[in-house]
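**Q** There's a structure below that I have some questions on.
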Amino acid sequence: MKWLRISTALTGIAACSFMLAQVAPHAREAGAIFAAQDDPAALSELKLDAVLRHNDRLVQDNIEAALAADDADLADSFVALARDRNIALPDDLLSRVSDAVKAESSTSHFAKRFATGLVTGSADDVASLSGTVAGDLFVIGDVRDVVREGKHLAMGEDTDRLVLGLAAAGLVVTAATYVSVGGAAPVRAGLTLVKDARKVGRLGEGLAAWAGRSAREVVDTPMLQNAVASSSVLRPGQTVSAFKAAFRAEKAGALVRLGKDVARVAEKTGTRGAMDSLRIAEGPKDVARAARLAEAQGSKTRAIMKLLGRGALLLVGGMFDLALWLFGAALTLFGLLSSIKATTERLTQAWCDRKRARRLRRAQIAAEAALANSAVTA
């Protein structure tokens, strides 16, 4: 019975050791992810390890898809990611990406997209953004948006208050840009990107809701309605003053901070990278995280956001699974330590029992010898 108890404890050690060996790598990965949840760069690296570990062709397939969608910038981002992670790519694929990037950067293409951005106020690449920002710097774009949405508001029609608020904030920042001789230009570009993302439906639902609330604080609706109703080309000075009075510049701080973060993303990843971050962001904190990710990962950022989505910015989904791995590892470790403790106690008890038995036998032998000697003497 004694040796059965010892065998059971040893079996427990073996079983728990085997289970811990299986659980430990997952638990270690889960612990690292939890520790990096406030660091987008470190978090994205850990998640990329897990994603790329199970699919060797994932990067190559995404490059092919990006080229098919005429998105040379995204394809080039995946090439940068492959280079950073020592993932081999076919030479012909690298040549196609290089040719696509050169074609997208050509003078004729840039001029065409610049004109499109200037006229329509919509941007989806560097060239069109340059045109859009140029229009907004000369207040053409913002005035166009303010007048259009202001008229909708005055007439009781459907109004995009977010575009209206962003245009109003843009006018405030444009004035600051002139005063600072271009110092606020990055913020101006960031606000333009947010406005363009809204127009083309690339603004995340949560971020759009937050920006909409912030935009409402920038515009004094009754005063804007009166300004639109009383505007006249014959009284330009009075009209401009009326529009200016309808905008609360002191309330534009939150939108300006958002524009600044978007500009930081665009600086490192380009216009489309900034658009990607706005699409997956659910609030201004997500955009701030995207800026930190872009500053750390540079040209690889678009590829990372394509593979991981919002998971590149913060710990979303799978938290129960991660916690389960950690709990399983802790439980298995507890079982192992308990088995070691039980084995040690039972082996010690067996050794003590054996030593006691030997001592009793020696005492019994001595007693029998003494009794025999007494009998002989008698």
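**Q** Take region 260-274 and flag every residue that is more than 15 Å from the chain's Cα centre (by Cα) and open to solvent by less than 30 Å² (accessible area, probe 1.4 Å).
**A** A263, A266, G270, T271
**Q** Considering only region 333-344, state which residues are surrounded by 13 or more Cβ atoms within 10 Å (Cβ to Cβ) and either over 16 Å from C16 (Cβ atoms) or at pLDDT 80 or above (or both).
**A** S338, I340
**Q** Where residues in region 194-243 are among the polar types (S, T, N, Q) and crowded, with 16+ Cβ neighbours inside 10 Å, which of them is modelled with the lowest pLDDT?
**A** Here the residue is T239.
**Q** Also: Identify all residues within region 275-285 that are among the aliphatic types (A, V, I, L, M) and open to solvent by less than 10 Å² (accessible area, probe 1.4 Å); write none if there are none.
**A** If the condition is that a residue be among the aliphatic types (A, V, I, L, M) and open to solvent by less than 10 Å² (accessible area, probe 1.4 Å), then M275, L278, A281 are the ones that fit.
**Q** For region 149-162, state whether one or more residues are at pLDDT 70 or above, surrounded by 22 or more Cβ atoms within 10 Å (Cβ to Cβ) and among the aliphatic types (A, V, I, L, M).
**A** Scanning region 149-162, I find at least one residue that is at pLDDT 70 or above, surrounded by 22 or more Cβ atoms within 10 Å (Cβ to Cβ) and among the aliphatic types (A, V, I, L, M), so the answer is yes.
**Q** Separate question: Can you name the residue in region 244-259 that is part of a helix (DSSP H, G or I) and crowded, with 19+ Cβ neighbours inside 10 Å and, of all such residues, is modelled with the highest pLDDT?
**A** Going through the qualifying residues, I end up with L258.
**Q** Here is a follow-up. Looking only at region 286-312, how many residues end up being closer than 24 Å to L191 by Cβ, open to solvent by 30 Å² or more (accessible area, probe 1.4 Å), modelled with pLDDT of 90 or more and of a type in the set (K, R)?
**A** 2
**Q** Does region 169-180 include one or more residues that are in contact with a His (Cβ under 9 Å, 6 or more places away or on another chain) and either at pLDDT below 70 or open to solvent by 60 Å² or more (accessible area, probe 1.4 Å) (or both)?
**A** Looking for residues that are in contact with a His (Cβ under 9 Å, 6 or more places away or on another chain) and either at pLDDT below 70 or open to solvent by 60 Å² or more (accessible area, probe 1.4 Å) (or both), one finds none in region 169-180, hence no.
Residue-by-condition table, conditions (1) over 21 Å from E104 (Cα atoms); (2) out of contact with any helix residue (DSSP H, G or I) (no Cβ under 6 Å at 6 or more places or on another chain); (3) open to solvent by 60 Å² or more (accessible area, probe 1.4 Å); (4) modelled with pLDDT under 75:
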| position | (1), (2), (3), (4) |
| --- | --- |
| L4 | yes, yes, yes, yes |
| T11 | yes, yes, yes, no |
| A32 | yes, no, no, yes |
| D56 | yes, yes, yes, yes |
| Q60 | no, yes, no, no |
| D70 | no, yes, yes, no |
| A75 | no, no, no, no |
| R83 | yes, yes, yes, no |
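The values are calculated or read from the model by the stated rules, or taken from the named source; none is laboratory data. This structure is a prediction, so every number in the text was calculated from the model and none was measured. Backbone-built Cβ (ideal geometry, glycine too); neighbour counts: all protein chains shown. Surface areas here come from the heavy atoms of the whole protein model, side chains and all, with no ligands, DNA or RNA. Shrake-Rupley method; radii C 1.70, N 1.55, O 1.52, S 1.80 Å.
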